[in-house]
1. Average projected area of the Cα convex hull of the range 165-225, in nm²?
2. Could you give the radius of gyration (one decimal) and Dmax (whole number) of the Cα atoms in the range 43-188, in Å?
3. If you scale each eigenvalue of the Cα gyration tensor by 5 and take the root, what three semi-axes come out for the range 85-168, rounded to whole angstrom and sorted largest first?
4. Roughly speaking, what is the centre-to-centre gap between the range 74-101 and the range 114-151 when only Cα atoms are used, to the nearest Å?
5. Ranked highest first by average number of other Cβ atoms within 10 Å, how do 42-53, 209-220, 172-183, 123-134 line up?
6. Please turn the phi angles of the range 100-112 into ³J(HN,Hα) values with the Karplus equation 6.51 cos²θ - 1.76 cosθ + 1.60 (θ = phi - 60°), one per residue in order, whole Hz, x for glycine and proline.
7. Based on the Cα atoms of the chain, what semi-axes does the equivalent ellipsoid have, where each is the square root of 5 times one gyration tensor eigenvalue, given in whole Å with the largest first?
8. In degrees between 0 and 90, to the nearest 10, how far off the longest principal axis of the chain does helix 166-204 point, with axes built from Cα atoms?
Amino acid sequence: MRSKSDKKKPLVPHLRFPEFREAGAWEVKRLGEVCEINPSTGDLPDNFIYIDLESVVAGQLVKKQKISKEGAPSRAQRVLESGDVIYQTVRPYQKNNYLFDLSDGNRYVASTGYAQFRAHDSENFLFQLIHTDSLINKVLSRCTGSNYPAINSSDLSKIQVVVPRTDEQQKIAHCLSSLDEVIGLQAKKVQALKQHKKGLMQQLFPAEGETTPRLRFPEFREAGAWEVKRLGDVAALKNGYAFKSSKYSDNGAYKVVT
């Protein structure tokens, strides 16, 4: 017989909000019990925004392609409702998933390259859950294919997850979603700075065929034209070295990054 010490520990997170510390263990469920996967959505609308596998990057919808029902590809089948989560089933480690919450008057349809999740409780918690390392590792272990690992919806539905009661789900989702908003704002600032730098570089370096930049610091405005040189006159160029397994290994002189 198993001793009491052999029994599994209760499934609780290491960090928990104070009001839920006595709420008991989380429950083990299959993903298909937490959400409806690929729900029946009826016929395609006459016109819609099509979301393919290039439309979503890191949780953001970066491309909108409006098409008609007649011109739609065969993979356009996932008619979305507010609160639906679309999960990239091809190369899922990229985490290019999306929580659909747009209300701009357009209908949206996703590719069958995504699985469509409709949460039974909190869609925001579900969206956070699918990005945990634990779930991603379980998904990858069930993927088939080497260059383009993919998982089908049936296998997805069988993956075990651990979930708390609905009010704790909502608390966790609110906390993490707030951080996502901050991250999104910072990403926009970074993108704006990148564009600003790009514009500055175009002015601080001479254009093709010219030897004087359009924008110059005050102390160099009378310094004359830039000098035309070959790259080899500016820097020493070296050819690459042939690969030798004795030198490039865990125990060799040089480490190999894989």
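1. On the way: hull surface 24.2 nm².
With the hull built on Cα positions only, its mean projection is 6.0 nm².
2. 15.5, 44
3. On the way: eigenvalues 92, 68, 20 Å².
The answer is 21, 18, 10 Å, longest axis first.
4. Each part's Cα centre sits 10 Å from the other's.
5. Numbers: 42-53: 15.7, 209-220: 10.2, 172-183: 13.3, 123-134: 18.9.
Peptide ranking by packing, descending: 123-134, 42-53, 172-183, 209-220.
6. 7, 9, 7, 9, 9, x, 9, 8, 10, 10, 9, 6, 6
7. On the way: eigenvalues 421, 174, 99 Å².
In descending order, the three semi-axes are 46, 29, 22 Å.
8. Tilt relative to the chain: about 10 degrees.
Any read-out appearing in this document is the output of simple, stated calculations on the displayed coordinates, not a laboratory observation. All of these numbers come straight from a predicted model, not from anything done at the bench. Please note: Cβ atoms are built from the backbone with ideal geometry, for glycine as well, and neighbour counts cover all protein chains shown.
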